[in-house]
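A.B. asks: This is the structure I want to talk about, given as structure tokens.
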Amino acid sequence: MSKLGTLGARLHRGEIGYDFVGKRKIWYAISILITITAILGLTVRGLNMGIEFQGGAVFTTPKHMSSSVNQAETYAQDASGHDAIVQKLGDGSLRIQIAGIDTDKSDQIKDQLSKDLKVDSEKINADLVGPSWGDQIANKAWEGLAIFMVLVVIYLAIAFEWRMAIAALVALIHDITITVGIYALVGFEVTPGTVIGLLTILGYSLYDTVVVFDSLKEQTKDITKQTRYTYSEIADRSINGTLVRSINTTVVALLPVAGLLFIGGGVLGAGMLNDISLSLFVGLAAGAYSSIFIATPLVADLKEREPQMKALRKRVLAKRAQAAAKGDPLDEPVSAVPLDDDESDDATPAVVGPRNQPASRNRGRGRPSGKRR
């Protein structure tokens, strides 16, 4: 078995673990800092809205142009009096976008570009785009986002509980805010492809969160009937038990998206690939982070406020203090010790390390059936 597979198996069995919930204040602080940075970038720099949202003209030159991108950008700005965005496509043609111009102005710019680029005017393709189309896309996207959020909250509240629904909603808003903020800071153009990417990452972000929640739901059944572990410790176990799975699914999803972003967009210069791949890349990474460091710790925070969970924590700590006073082995955190359903409250907890195994696994071994002597 590979080292990663061995690590995943040990995490799943609870032999090792990291205290994610115990250090939740650190993750909250990091997330708040990243979110504030994203909001500041969005406020100060704003989004670079594409021509589909502003309206304007798109000129496409013939293949294998000798002019560079910088030269074409200078020609386009001089001819239009507006800022221009020029991209060199994979076949060597140039895509020139100029926002805020009408039909008459478009014809003049086309004629001037044909002279500057030394290309026949008939070979330059000009497409006019109205801003109303982009507005419709934006409105539909907002409607789809609102409907998705409502359905997510309703589903999670029914399938799990309302605290998990709130935590998942906070994680989704966290992911979207960071992704949009990165767009503002990087200055990438916002196009319909960007909107598609933003809507796509919602499903990826929710997937990892639901996987952890499902594990947490299973392990917290009848939690108040035992006095070995608190809710936060079992939440830690759920995160650790699904950690390698979350990392694997995220990496597998990020690899092709990285190919689109760095090869398709960076090397080949395909603008639409840049638009959709950046939102997917940032959103997938943020979604994996939020499912581990935000959603589940937030659920633990909310649950620990319940009177039943407060009483459980007091009983657990009291039992551990009593065991320590007697010199008995202390109960280990759930992230380090497997939780067996058939273990009673009086079972001696296992100690971390290869020399000791959970008590339920060794129960009855090497001893004949019947009464003890």
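A.B. asks: Could you work out how much longer the chain between residue 74 and residue 107 gets when fully extended? Use 0.36 nm per residue separation minus the Cα distance between them, nm to one decimal. Mind dumping the intermediate values first?
C.D. replies: On the way: separation 33, 0.36 × 33 = 11.88 nm, distance 1.79 nm.
Result: 10.1 nm gained on full extension.
A.B. asks: Further question: Send over the Kirkwood Rh of segment 35-115, from the inverse of the averaged 1/r over different Cα pairs, rounded to one decimal Å. Before the final figure, lay out the partial values.
C.D. replies: Values: mean 1/r = 0.0723 Å⁻¹.
Here the Kirkwood hydrodynamic radius works out to 13.8 Å.
A.B. asks: Also, I was wondering about something else. Tell me the carbon and sulfur percent of the accessible area for segment 96-219, rounded to whole percent, probe radius 1.4 Å. It would help to have the intermediate numbers written out before the result.
C.D. replies: Working: 3750 of 6080 Å².
Heavy-atom surface of segment 96-219 belonging to carbon and sulfur, 1.4 Å probe: 62 percent.
A.B. asks: Also: With a bin width of 10 angstrom, please list the P(r) values of segment 24-79 as percents of all Cα-Cα pairs, from the 0 bin to the one holding the largest distance.
C.D. replies: Histogram of Cα-Cα distances, whole percents per bin: 16, 26, 23, 18, 13, 4.
A.B. asks: Can you tell me the alpha carbon radius of gyration of segment 24-165 divided by the globular rule-of-thumb value 2.2 N^0.38 Å? If you can, show how the numbers build up before the last one.
C.D. replies: Working: Rg = 22.2 Å, N = 142, 2.2 N^0.38 = 14.5 Å.
Here the Cα radius of gyration is 1.53 times the empirical estimate.
A.B. asks: Report in % the part of the accessible area of segment 43-83 that belongs to carbon and sulfur, leaving out ligands and nucleic acids; probe 1.4 Å. Spell out each step's value before the answer.
C.D. replies: Working: 1000 of 2240 Å².
Of all accessible area on segment 43-83, carbon and sulfur atoms account for 45 percent.
A.B. asks: Report the number of Lys pairs in segment 102-175 whose alpha-carbons are under 19 Å apart, with separation of 8 or more residues or on distinct chains. Don't jump to the answer; show the numbers that get you there.
C.D. replies: On the way: 105/115; 105/123; 110/118; 110/123; 115/123.
Here the count comes out as 5.
A.B. asks: Give the Rg (one decimal place) followed by the Dmax (whole number) of segment 88-240, computed from C-alpha coordinates and expressed in Å.
C.D. replies: 25.0, 83
A.B. asks: Follow-up question, since we're still on this one. Expressed as a fraction of 2.2 N^0.38 Å, the rule-of-thumb size for a compact globular protein of N residues, what is the C-alpha radius of gyration of segment 159-241?
C.D. replies: 1.45
The values are calculated or read from the model by the stated rules, or taken from the named source; none is laboratory data. Just so you know, these numbers come straight off a predicted model, no measurement behind them. Please note that ligands, DNA and RNA were not included when accessible areas were found on the heavy atoms of the full protein model with its side chains. Shrake-Rupley method; radii C 1.70, N 1.55, O 1.52, S 1.80 Å.
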